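Engineer: Please find one structure pasted underneath; my questions will follow.
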2 protein chains.
Amino acid sequence: MKIAVLGTGMVGQAIAGKLAELGHTVTIGTRDVQNTLANDQPNFYGNPPFRVWQEQHPQVQLATFAEAAAQGEWIVNATNGEGTLAALHAAGADNLAGKVLIDIANPLDFSHGMPPTLSVCNTDSLAEQIQRTFPAAKVVKTLNTMNANIMVNPNSLAGGEHTVFVSGDDSEAKDHVCDLLRSFGWRDIIDLGDIRTARGPEMLLPIWLSLMNALQSPLISLRVVR
Amino acid sequence: MKIAVLGTGMVGQAIAGKLAELGHTVTIGTRDVQNTLANDQPNFYGNPPFRVWQEQHPQVQLATFAEAAAQGEWIVNATNGEGTLAALHAAGADNLAGKVLIDIANPLDFSHGMPPTLSVCNTDSLAEQIQRTFPAAKVVKTLNTMNANIMVNPNSLAGGEHTVFVSGDDSEAKDHVCDLLRSFGWRDIIDLGDIRTARGPEMLLPIWLSLMNALQSPLISLRVVR
């Protein structure tokens, strides 16, 4: 598949790298290609700048949001939740129409200080906002409930005995996304229902942050026992 | 211990029954004792009225919120989240002062229809509201993230291999609550931190409701894998 990954951060890198490893043709989308490549500073978490990552992954192309989205048969939203709608507008509604749009973002709000809260929740969600704004896209929410490394290597934690969720209005799109998740190694995939059910996984953020703090590790995930 | 359980619903019954079985002296608190005993209708879920339950548990006393709270060395809030603050005001701040107050409630809001949303979340929680309103009580949030039967019989599901959370500002109170949870059979207990961390478990409600719907069972719980 030709897949566009929007976002150059840790999540975008992890997803793009895994997709390329699995043989997909991947283009990463960014707001400003020159700016992204010119940045030579480690990020907030001390990770090397994007340019270093790209030198290690020469098969992954870097392009504008619009160029990447135009090339992609599927789109992955791995931008910051704050910037998601602007990034998707830059990608262009026509370039999203009819395509599976995998939304991995969390709508983090840092305006109340640390830890972040959510900019939307309870009676709405980022995934619903995306689906309403781009009604011709087939939005599927998934993978927003764990660390980027665990997203693409679920078997690296607890032998893979944990759960990933999918939410979306289009059943066929969800089936495709489940196949993709299985190709990452996921075995316990729960279809929560329509796009409104994305509120649940988005609202896991506060407990995830508390758990990371209590357990002093980001290598945590949830298993639904039943 | 002498323990007051505020609330006559399924959660109150399950907790009171378990505490009595473990040898504690339990008084259930309600707004109006005569009304509670006069009710002879099954509830919304088809369960028998409180009177039937009490006939099966004659060692558990029924009293007003204030009488129950006055007698209890510990207080369990098993009321509806909507009615929690009113119930605790009826119980009386003096009857709560200095005591462990175990908050099991979820702040459900049915005004937007089904499924319910939360009346408070993200930047506040019901547990924080209780702690602010009754600063002399030692509020510990726990057990709000699973079905009432699983709360008191964790080993009835997946061999007990799932997680319960505690949040609160008073470490000693949390230690006591952890001992109580262990006496119920809980083995995986995570202390999330201060009372603000109650936002996380309260915000699990939407995914819990989606999971119940997707899996067609309320017998579900979460295990934190790490």
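The values are calculated or read from the model by the stated rules, or taken from the named source; none is laboratory data. Since the structure is predicted, the reported quantities are computational estimates derived from the model, not experimental observations. Here the Cβ positions follow ideal geometry from the backbone for every residue, glycine too, while neighbour counts run over all protein chains shown.
Engineer: Could you grab me the full set of residues in region B:191-206 that are of a type in the set (A, V, I, L, M, F, W, C), part of a helix (DSSP H, G or I) and closer than 30 Å to A:Ile189 by Cβ? Reasoning before the result, please.
Structural biologist: First, the residues of region B:191-206 that are of a type in the set (A, V, I, L, M, F, W, C): B:192, B:195, B:198, B:203-205.
Add one more test, that the residue is part of a helix (DSSP H, G or I), and what stays is B:195, B:198, B:205.
Matches in region B:191-206: B:Ala198, B:Leu205.
Engineer: Does B:Leu62 meet the test of being in contact (Cβ under 8 Å) with a residue 40 or more places away in the chain, touching a Gly at 6+ places or on another chain (Cβ under 6 Å) and surrounded by fewer than 22 Cβ atoms within 10 Å (Cβ to Cβ)?
Structural biologist: Answer is no for this residue.
Engineer: Right, A:Ile15: outside any strand (DSSP E or B), surrounded by 17 or more Cβ atoms within 10 Å (Cβ to Cβ) and within 19 Å of the chain's Cα centre (by Cα) or not? Quick ask: steps written out before the conclusion?
Structural biologist: Numbers: outside any strand (DSSP E or B): yes; surrounded by 17 or more Cβ atoms within 10 Å (Cβ to Cβ): yes; within 19 Å of the chain's Cα centre (by Cα): yes.
So A:Ile15 fits the description; yes.
Engineer: While we're here: Does region A:19-26 contain at least one residue that is at pLDDT 95 or above, touching a strand residue (DSSP E or B) at 6+ places or on another chain (Cβ under 7 Å) and surrounded by fewer than 17 Cβ atoms within 10 Å (Cβ to Cβ)?
Structural biologist: There is at least one residue in region A:19-26 that is at pLDDT 95 or above, touching a strand residue (DSSP E or B) at 6+ places or on another chain (Cβ under 7 Å) and surrounded by fewer than 17 Cβ atoms within 10 Å (Cβ to Cβ).
Engineer: Okay, moving on. With the requirement that a residue be over 12 Å from A:Val60 (Cα atoms) and under 13 Å from the mean Cα position of the chain (by Cα), what does region A:1-12 give you?
Structural biologist: Across region A:1-12, the qualifying residues are A:Leu6, A:Gly7, A:Gly9, A:Met10, A:Val11.
Engineer: Shifting gears a bit: State which residue is farthest from the chain's Cα centre (by Cα) when the search covers only region B:92-118 and only residues that are touching a residue at least 60 places away in the same chain (Cβ under 8 Å) and farther than 20 Å from B:Ala173 by Cα.
Structural biologist: Top of the filtered list is B:Pro115.
Engineer: Same structure, new question: Can you work out which of the residues in region A:108-140 that are away from chain B (no Cβ under 11 Å) and of a type in the set (D, E, K, R) is surrounded by the fewest Cβ atoms within 10 Å (Cβ to Cβ)?
Structural biologist: The residue in question is A:Arg132.
Engineer: Looking at region B:177-190, can you tell me whether even one residue there is within 30 Å of A:Pro154 (Cβ to Cβ), small (Gly, Ala, Ser) and part of a loop (DSSP other than H, G, I, E, B)?
Structural biologist: Yes, that holds for at least one residue.
Engineer: B:Ser167 - would you say it is of a type outside the set (A, V, I, L, M, F, W, C), part of a strand (DSSP E or B) and more than 7 Å from every other protein chain (Cβ to nearest Cβ)? Talk me through it step by step, then tell me what you get.
Structural biologist: Values: of a type outside the set (A, V, I, L, M, F, W, C): yes; part of a strand (DSSP E or B): yes; more than 7 Å from every other protein chain (Cβ to nearest Cβ): yes.
Here the answer is yes, as B:Ser167 does meet what is asked.
Engineer: Restricted to region A:171-183, and to residues that are in contact (Cβ under 8 Å) with a residue 60 or more places away in the chain and surrounded by fewer than 18 Cβ atoms within 10 Å (Cβ to Cβ), which residue is farthest from the other protein chains (Cβ to nearest Cβ)?
Structural biologist: If we take residues in region A:171-183 being in contact (Cβ under 8 Å) with a residue 60 or more places away in the chain and surrounded by fewer than 18 Cβ atoms within 10 Å (Cβ to Cβ), then A:Ser183 is farthest from the other protein chains (Cβ to nearest Cβ).
Engineer: Right, here's the next one. Step by step: first the residues of region B:18-53, then only those that are of a type in the set (Lys, Arg) and in a helix (DSSP H, G or I), then the one that is nearest to B:Asn149 (Cα to Cα). Which residue is that? Please lay out each step first, then the result.
Structural biologist: Narrowing region B:18-53 to residues of a type in the set (Lys, Arg): B:18, B:31, B:51.
Keeping just the survivors that are in a helix (DSSP H, G or I) gives B:18, B:51.
On the way: B:Lys18: 10, B:Arg51: 19 Å.
Among residues in region B:18-53 that are of a type in the set (Lys, Arg) and in a helix (DSSP H, G or I), the one nearest to B:Asn149 (Cα to Cα) is B:Lys18.
Engineer: Do you know which residues across region B:90-107 are buried (at least 22 other Cβ atoms within 10 Å of the Cβ), out of contact with any Asp or Glu (no Cβ under 8 Å at 6 or more places or on another chain) and part of a loop (DSSP other than H, G, I, E, B)?
Structural biologist: Answer for region B:90-107, where residues must be buried (at least 22 other Cβ atoms within 10 Å of the Cβ), out of contact with any Asp or Glu (no Cβ under 8 Å at 6 or more places or on another chain) and part of a loop (DSSP other than H, G, I, E, B): B:Ile104, B:Ala105.
Engineer: Tally up the residues in region B:190-204 that are more than 8 Å from chain A (Cβ to nearest Cβ) and within 16 Å of the chain's Cα centre (by Cα), please.
Structural biologist: Of the residues in region B:190-204, 3 are more than 8 Å from chain A (Cβ to nearest Cβ) and within 16 Å of the chain's Cα centre (by Cα).
Engineer: Sort through B:Asn80, B:Asn39, B:Asn47 and tell me the only one that's in contact (Cβ under 8 Å) with a residue 24 or more places away in the chain and either farther than 24 Å from B:Gln129 by Cβ or among the acidic types (Asp, Glu) (or both). Please lay out each step first, then the result.
Structural biologist: Working: B:Asn80 fails: either farther than 24 Å from B:Gln129 by Cβ or among the acidic types (Asp, Glu) (or both); B:Asn39 fails: in contact (Cβ under 8 Å) with a residue 24 or more places away in the chain.
Within the list B:Asn80, B:Asn39, B:Asn47, the selection yields B:Asn47.
Engineer: May I ask you to list the residues in region A:207-226 that are assigned to a helix (DSSP H, G or I), surrounded by fewer than 22 Cβ atoms within 10 Å (Cβ to Cβ) and at the interface with chain B (Cβ under 7 Å from one of its Cβ atoms)?
Structural biologist: Matches in region A:207-226: A:Asn213, A:Ala214, A:Leu215.
Engineer: Another question, if that's okay. Name the single residue, out of those in region B:147-162 being facing chain A (nearest Cβ under 10 Å) and assigned to a loop (DSSP other than H, G, I, E, B), that is surrounded by the fewest Cβ atoms within 10 Å (Cβ to Cβ).
Structural biologist: B:Glu161
Engineer: Continuing with the same structure: Scanning for something part of a loop (DSSP other than H, G, I, E, B) and within 18 Å of B:Leu37 (Cβ to Cβ), does region B:109-125 turn up at least one residue?
Structural biologist: For region B:109-125, residues part of a loop (DSSP other than H, G, I, E, B) and within 18 Å of B:Leu37 (Cβ to Cβ): absent.
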